Amino acid sequence: MFKELRFALYATKKNIQSSAELRTSFLMNVVGMAINNTAFIILWVFFVQSVGIIGGWHAADIVGLQGFAALSYGIVFSLATGIRKLPDYVASSAFDRFMLSPKNLLLRVATSSFSASAVGDMVFGIICLTVYGFLIHVGLYQILLILVLLVLATVVFLAMMIAIFSASFYFIDSNAVTNGLFELFLTPSLFHGGAFQGAMRFIFTFLIPSLLIGALPVESVRDISIVKLGLVAVLAIIWLFLSVKIFNRAIRKYESSNFMTFGN
Amino acid sequence: MQYPGRLIADTFALVARCGVLLILYWYVFKLNGGIVNGTPYIIVAWSMFFYFAFSTLRLRDISKSIMQDVQSGNVEVLFNKPVSYLGYRIWWQIGSGLYPFVVATVLGSIALALIVGIPHTMTVGIFLPTVFLVFIGASILSLILYSIVGLLAFWIEEVNPVFWMVDKAVMILGGSYLPVALFPPFMYKLALYSPFGASQFVTHTVYEQWHSEWYLLIGIQIFWILVLLITTLIMFKRAKEKVSVNAG
């Protein structure tokens, strides 16, 4: 287990070093993505100004929501962006080389790539959560809550990435399908959390866990709600367990296309 | 049509973005007595639907195509073909998005008409001809705008950050997640007079003001098309001069 994790850390380190070689490109990606993300804050803050407070959500909560979503997205996409490349790996048979590796398959695939722009998401997420902390005057207990919820949100994000991109093994034109499914999961997680009520809240909490990424963590911190923290924790564990099961089942469907290569 | 997966992806994206958003707005409008900023839900729903339906044309992807051509060196090969490179890229882009666009728009329109109804602003005689005009203008302007971003790849190593910023400017000022009816005054002016907002004027066609302002908005669109077309042609000429063919 520790040996596998050490390998994952080593692979990540090499990925970062490789990306950082192209310094200008790396920095442009980081800064560009951070600026790009502010668009969602602008949109939803104007939304709050236009329609007023919905579901107890203020403009500050939007900042917190974007912080949680961007930071968990950034962590997953910088450390495990290889999962998003599964459709390409499967279609081109580059997946062969992972299967032949003696390391843990999922870990090996996840750490096979690195996204420089995801670092921009992380920077943006950290800034947002810091600003959010100041805006709602967080106490020490809430800071701890933010840290715990951040870990849980990241676990949910990772689990959903694994589950969604495991569909690559079932479809021929899987890139389009997986991207569509990913969109279905990610997009609602960036929406104003207060507007999700009733059936919509149930669907996007239990069936498509988009609200576990940002909306529920924000509400948990704001209301200091242990019940919501517990709910996010339980669902995060369930989704992680399910996603690994789905991945292990899906890889049985893999067939090499017999390309005369072992990937690049 | 050869890529059914693309249609599935676009349908998912349309449901994820537009469908969920419409349900959320329905709830928000219900809380506010059915009207926000003097605009009823039915108008906002159609305005947002037009934005997302238009996005299934994927005209913005022309940036990435040009960028990939430049980075892979494929642009050298395409320059040597007896067709205009930009013309080829534009028609390829239109062709690749047309089928999902037609299917998603027709099905989405029927669904929306059945669920929320058709606003009276869409039944006025001037609506159809002007929406057609503004749609053509929006398509041309989007293609030109995103071509400029793609052509920057001849000078800049990494175009993606520029693409993200332009794309988000279009997203905000185009009336995607926040319909133009809910814009604060200064933002509405930005949406009206910037090329980013002008590339999405289809979202304005369902509002009451459209009947008195349509000629102004189409005029703004034509202005930006001309300005950006000249910019594109100048950039393209310079870009061609920069290309050095390395045999091998």
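Any chance you could count how many residues in the range B:95-126 are within 20 Å of B:PHE49 (Cα to Cα) and in a helix (DSSP H, G or I)?
Residues flagged as within 20 Å of B:PHE49 (Cα to Cα) and in a helix (DSSP H, G or I) within the range B:95-126 amount to 22.
Criterion first (touching a residue at least 40 places away in the same chain (Cβ under 8 Å) and in contact with a strand residue (DSSP E or B) (Cβ under 9 Å, 6 or more places away or on another chain)) does A:LEU65 satisfy it?
Values: touching a residue at least 40 places away in the same chain (Cβ under 8 Å): yes; in contact with a strand residue (DSSP E or B) (Cβ under 9 Å, 6 or more places away or on another chain): yes.
Against the criterion (touching a residue at least 40 places away in the same chain (Cβ under 8 Å) and in contact with a strand residue (DSSP E or B) (Cβ under 9 Å, 6 or more places away or on another chain)), A:LEU65 qualifies.
Can you confirm whether B:ILE144 is modelled with pLDDT of 90 or more, surrounded by fewer than 20 Cβ atoms within 10 Å (Cβ to Cβ) and farther than 20 Å from A:MET33 by Cβ?
Numbers: modelled with pLDDT of 90 or more: yes; surrounded by fewer than 20 Cβ atoms within 10 Å (Cβ to Cβ): no; farther than 20 Å from A:MET33 by Cβ: yes.
No: the conditions fail for B:ILE144.
Considering only the range B:151-165, I want to know if a residue exists there that is more than 30 Å from A:THR24 (Cα to Cα) and touching a helix residue (DSSP H, G or I) at 6+ places or on another chain (Cβ under 6 Å). Quick ask: steps written out before the conclusion?
First, the residues of the range B:151-165 that are more than 30 Å from A:THR24 (Cα to Cα): none.
Checked the range B:151-165: no residue is more than 30 Å from A:THR24 (Cα to Cα) and touching a helix residue (DSSP H, G or I) at 6+ places or on another chain (Cβ under 6 Å).
Which of the residues that make up the range A:169-202 are crowded, with 24+ Cβ neighbours inside 10 Å and of a type in the set (Ser, Thr, Tyr)?
A:THR178, A:SER189 - these are the residues of the range A:169-202 that are crowded, with 24+ Cβ neighbours inside 10 Å and of a type in the set (Ser, Thr, Tyr).
Which of the residues spanning the range A:49-74 are of a type in the set (S, T, N, Q) and farther than 23 Å from A:GLU183 by Cβ? Even if it seems obvious, please write down each step before you answer.
Here is the first cut: in the range A:49-74, the residues of a type in the set (S, T, N, Q) are A:49-50, A:66, A:72.
Result: A:GLN49, A:SER50.
Residues that are out of contact with any strand residue (DSSP E or B) (no Cβ under 8 Å at 6 or more places or on another chain) and basic (Lys, Arg): which helices (runs of 4 or more DSSP H) entirely in the range B:176-248 hold 3 or more of them?
Values: elements: B:185-193, B:195-198, B:210-242.
In the range B:176-248, B:210-242 are the helices (runs of 4 or more DSSP H) which contain 3 or more residues that are out of contact with any strand residue (DSSP E or B) (no Cβ under 8 Å at 6 or more places or on another chain) and basic (Lys, Arg).
A:ASP121: in a helix (DSSP H, G or I) and within 15 Å of the chain's Cα centre (by Cα), yes or no? Before the answer, list the steps.
On the way: in a helix (DSSP H, G or I): yes; within 15 Å of the chain's Cα centre (by Cα): yes.
Yes, satisfied.
What's the number of the condition A:LEU242 fails, among (1) of a type in the set (A, V, I, L, M); (2) in contact (Cβ under 8 Å) with a residue 24 or more places away in the chain; (3) under 16 Å from A:ARG84 (Cβ atoms); (4) out of contact with any Pro (no Cβ under 8 Å at 6 or more places or on another chain)?
That leaves (3) as the condition not met.
Across the range A:179-212, what is the number of residues that are more than 7 Å from chain B (Cβ to nearest Cβ), in a helix (DSSP H, G or I) and out of contact with any Asp or Glu (no Cβ under 8 Å at 6 or more places or on another chain)?
So the count comes out to 16.
Any idea how many residues of the range A:5-34 are under 18 Å from B:GLU157 (Cβ atoms), within 10 Å of another protein chain (Cβ to nearest Cβ), among the aliphatic types (A, V, I, L, M) and touching a helix residue (DSSP H, G or I) at 6+ places or on another chain (Cβ under 6 Å)?
Residues flagged as under 18 Å from B:GLU157 (Cβ atoms), within 10 Å of another protein chain (Cβ to nearest Cβ), among the aliphatic types (A, V, I, L, M) and touching a helix residue (DSSP H, G or I) at 6+ places or on another chain (Cβ under 6 Å) within the range A:5-34 amount to 3.
Just the residues that are more than 10 Å from chain A (Cβ to nearest Cβ), in contact with a Ser or Thr (Cβ under 7 Å, 6 or more places away or on another chain) and not small (Gly, Ala, Ser), please, taken from the range B:174-206. It would help to see each step written out before you state the result.
The initial filter retains those residues of the range B:174-206 that are more than 10 Å from chain A (Cβ to nearest Cβ), namely B:174-175, B:180, B:185-186, B:188-206.
Subset that is in contact with a Ser or Thr (Cβ under 7 Å, 6 or more places away or on another chain): B:174-175, B:180, B:199, B:203, B:205-206.
If the condition is that a residue be more than 10 Å from chain A (Cβ to nearest Cβ), in contact with a Ser or Thr (Cβ under 7 Å, 6 or more places away or on another chain) and not small (Gly, Ala, Ser), then B:VAL180, B:THR203, B:THR205, B:VAL206 are the ones that fit.
Please go through the range B:28-43 and give me each residue that is crowded, with 18+ Cβ neighbours inside 10 Å and within 11 Å of chain A (Cβ to nearest Cβ), ordered by number. Lay out the reasoning, then the answer.
Initial filter on the range B:28-43 (crowded, with 18+ Cβ neighbours inside 10 Å): B:28-29, B:36, B:39, B:41-43.
Answer for the range B:28-43, where residues must be crowded, with 18+ Cβ neighbours inside 10 Å and within 11 Å of chain A (Cβ to nearest Cβ): B:VAL28, B:PHE29, B:VAL36, B:THR39.
Any idea which of (1) in contact with a helix residue (DSSP H, G or I) (Cβ under 9 Å, 6 or more places away or on another chain); (2) within 14 Å of chain B (Cβ to nearest Cβ); (3) more than 21 Å from A:VAL155 (Cα to Cα) is the one A:ALA70 doesn't satisfy?
Looking at each condition in turn, A:ALA70 falls short on (3).
The values are calculated or read from the model by the stated rules, or taken from the named source; none is laboratory data. The shown structure was predicted, so the numbers you read here are calculated from the model rather than taken from an experiment. Ideal geometry is used to build each Cβ from the backbone, glycine not excepted, and the neighbour counts take in all protein chains shown.
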